[in-house]
Amino acid sequence: MIAYLDSSVLARAYLVDEDGHQQAIALLGDPEIATVTGTWTRIEVSGALVRAARGGRGDEKGCSRCWTRTSPAR
């Protein structure tokens with residue numbers, strides 16, 4: 001199966017205090033599901049992570065490291 005992931009699903013996977021965090025993690029970890037997303041997702045999710053970190057919901061450096069590990073290779 002192929003699932004399109006909206007940026008909100010990916011943000012939920014990184015932010016443990018978000019409703020739906022566990023479901024997002026399960027979706028991303030399911031080897032039976034290939035995931036695709038849009039071209040703006042990287043920008044949208046990085047913005048969400050920075051806003052969360054600045055709002056005290058996470059560690060900005062930790063969010064950056066997490067996002068870097070999942071970014072496409074260059």
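The values are calculated or read from the model by the stated rules, or taken from the named source; none is laboratory data. Since the structure is predicted, the reported quantities are computational estimates derived from the model, not experimental observations. Positions of Cβ are backbone-derived with ideal geometry, glycine not excepted, and every protein chain shown enters the neighbour counts.
Assorted remarks:
- Looking only at residues of the stretch 1-26 that are within 15 Å of ALA52 (Cα to Cα) and of a type in the set (Ser, Thr, Tyr), we find that the one that is surrounded by the most Cβ atoms within 10 Å (Cβ to Cβ) is TYR14.
- Leading residue by the ranking (modelled with the lowest pLDDT) among those in the stretch 48-57 that are under 15 Å from LEU10 (Cα atoms) and over 11 Å from the mean Cα position of the chain (by Cα): VAL50
- When the stretch 1-24 is filtered for residues that are under 11 Å from the mean Cα position of the chain (by Cα) and either assigned to a helix (DSSP H, G or I) or on the phi > 0 side of the Ramachandran plot (or both), the ones remaining, listed by number, are SER7, SER8, VAL9, LEU10, ALA11, ARG12, ALA13, TYR14, HIS21, ALA24.
- Matching residues in the stretch 27-58 - criterion: being aliphatic (A, V, I, L, M) and either surrounded by 10 or more Cβ atoms within 10 Å (Cβ to Cβ) or assigned to a helix (DSSP H, G or I) (or both): LEU27, LEU28, ILE33, ILE43, VAL45, ALA48, LEU49, VAL50, ALA52, ALA53
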